[in-house]
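K.L.:
Below are the structure tokens for one structure; questions will follow.
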Amino acid sequence: MTPSRCRSPLPLLPFYILLLASVALSPLRAATDAQIAERLSGLVARAPKGAAIAARVERADSGAVVFERNAAAPMAPASNQKILTTAAALFHLGPDYRFQTELRHRGPIEGAAIRGDLVVVGSGDPTISGRFQNPRTDVTAIFRKWAHDLEAQGIHRIRGAIIGDDRAFDAAVAAPQWPENRGAEWYCAEISALIFNDGCVDVTWTGAGKPGAPATCRLNPSTGYLRILNGVQLTDDPKKAAHWFERKDKPNVVEAKGRTRAGREAVDSVSVQGATGYFVTVLKETLMAQGIRVDGEATPIGALADPSPFTADLPRLLVHESPALSDIVRETNLHSQNLFAETMFKAAGRKREGQGSFESGARAVRQFLESHHIPTQGLNIVDGSGLSRDNRVTAQALTGVLRAADAAPWREIYRSSFPVGARTGSLRDRFAQNGKDRQTAARIRAKTGYIRGVRALSGWAAQPEGGPEYRFSFLLNSGDENAPGGIAWLDAMALAIAEK
């Protein structure tokens, strides 16, 4: 698991300083609601040209609306969609919920061998990786433990295949309107009920040659499932250091392009095609490396002509449990992890309807909203992460979710999953123009949103010295895919609430 999948650094724009200059500050006491509303009105008047914006700010203690603009207008939310998804997951599944992955066998155990298949039954656990291991780069630690557990049961050979049973979720690996030209990027990883290493192979670039010389790459895990066509060259110019992946015509053949710094290591992640196939392939490779012989192939259950013999009553060998959902929610919101959001989205749908799908997940989110009397008019819930450009949410609904969370038994779990301004997660590099902004930003907890042409920020902001706290949601949709000035405007709006 590479650090590139833990955060999405976003550029701060010079426009930021100009916007903050419009905020009238009172140095002596906490700002009143009227003063905050006046500041926000001034900033809305200076919103990036040509952008559609929506805003809502309310008191956390009373729910009284302090400021609104287009709060009921349906807008693309980008990763603010995760605000809905994680709250709905906590509501339907509970903070102590754990995904379970089972190893079962089809065929008798004779001596030290399974005379048949090893069957891996998944439920959508997104944490089978190095993310919760020490070190985090130890991506096969869980698979090695499984090998140890099998050996402890006297099993040293599998005479059949390793079958990946991913039927807890439907076959849709991506939602409508996910970016087609970014399919190899880590944030577009395929969704499956069996996921290994975030559906990615981590690639480490190194090299000590002259500029223009080819870089070398190392894969983690070292697997035959993915082939890299390495076109990355060395450079001594940090401004030219950038690399990316492009899929070729054959499955899991990826061309790497760009430049990397000579004499330094850089780590990327490339998503695979066929998440279930990747899972069982690396599991087979790991078992064999640990001394367990596997005679058959690693096969997704969807590739079988007849999957009917693989029933729910096959004998169980072991059960692996994920960390608690509370930990998964924190990872999702803190680092804006798309894959984690999608697995919770489908898992919530499965809890209600028996199978996880984008459609059942959407109904689970909508049911959560309706049960808390949050207006759903105009909403279009397509996925759990916000990656789809077809999602539509309102600032009114987003603040409604925050209000529902404030009254929920999992309140602190949810709130603590949001990044702190200028300090943690996807807000770590925001609000950093000067020391005063950083100090004020520490009173802001908010979820970011960023896709092409969309910027969003929603969460909580508090006045200093025990002053009131506010819930807020700010959405910006721009016809310009770069949304110039969008991040700066959002940050200024949030600071206008927290500044005294």
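Quick note: the coordinates plus some simple rules give every number you see, no bench work behind them. Since the model is a prediction, treat every value here as computed from it, not as a measurement. With ideal geometry, Cβ positions are generated from the backbone for all residues, glycine too; neighbour counts draw on all protein chains shown.
K.L.:
Using a Cα-Cα cut-off of under 24 Å, which lysines could be cross-linked to Lys82, ignoring same-chain neighbours fewer than 8 residues away?
P.N.:
Lys346, Lys351, Lys447
K.L.:
Same structure, new question: Give the aspartates and glutamates reachable from Lys145 as a straight Cα distance under 18 Å; neighbours fewer than 8 places away on the same chain don't count.
P.N.:
In chain and number order, the partners are Glu102, Asp125, Glu285, Glu321.
K.L.:
Right, here's the next one. Computed on alpha carbon atoms, what radius of gyration and Dmax characterise segment 100-321, expressed in Å?
P.N.:
Reported Rg and Dmax, both Å: 19.0, 61.
K.L.:
Report, for segment 100-321, the % of DSSP beta bridges that are antiparallel, rounded to 5.
P.N.:
On the way: 31 of 52 bridges.
Approximately 60 percent, going by the DSSP bridge assignments.
K.L.:
In degrees, nearest 10, range 0 to 90: what is the angle between the Cα axis of helix 358-371 and the longest Cα principal axis of the chain?
P.N.:
40 degrees
K.L.:
Related question: Answer with a single label: of [x] 151; [y] 183; [z] 138, which was calculated as volume of the Cα convex hull per residue in Å³ from the structure in view?
P.N.:
Computing volume of the Cα convex hull per residue in Å³ and matching it to [x] 151; [y] 183; [z] 138 gives [x].
K.L.:
Based on alpha-carbon centroids, what's the gap between segment 40-64 and segment 66-86 in Å, whole number please?
P.N.:
Rounded to whole Å, the Cα centres lie 12 Å apart.
K.L.:
Compute the long axis of helix 395-406 from its Cα atoms, compare it with the longest principal axis of the Cα atoms of the chain, and write down the angle in degrees, 0 to 90, nearest 10.
P.N.:
Here the helix axis deviates by roughly 70 degrees.
K.L.:
Taking the chain as the reference, fit the longest principal axis to its C-alpha atoms, fit the long axis of helix 81-93 to the helix C-alpha atoms, and give the angle between the two in degrees, 0 to 90, nearest 10.
P.N.:
60 degrees
K.L.:
Could you run the Karplus curve 6.51 cos²θ - 1.76 cosθ + 1.60 with θ = phi - 60° over segment 98-107 and give me ³J(HN,Hα) per residue in whole Hz, x for Gly and Pro?
P.N.:
Values, residue by residue: 10, 5, 10, 10, 10, 9, 10, 9, 10, x Hz.
K.L.:
Sort the following peptides by mean Cβ neighbour count (other Cβ atoms within 10 Å, averaged over residues), highest first: 307-316, 452-461. Intermediate results must be reported in sequence, preceding the final value.
P.N.:
On the way: 307-316: 11.9, 452-461: 24.0.
The most tightly packed comes first, giving 452-461, 307-316.
K.L.:
Pull out the extension gain between Glu246 and Arg352, defined as 0.36 nm times the separation in residues minus the alpha carbon to alpha carbon distance; nm, one decimal. Write down the numbers at each step before the final one.
P.N.:
Values: separation 106, 0.36 × 106 = 38.16 nm, distance 3.79 nm.
Gain in length upon complete extension: 34.4 nm.
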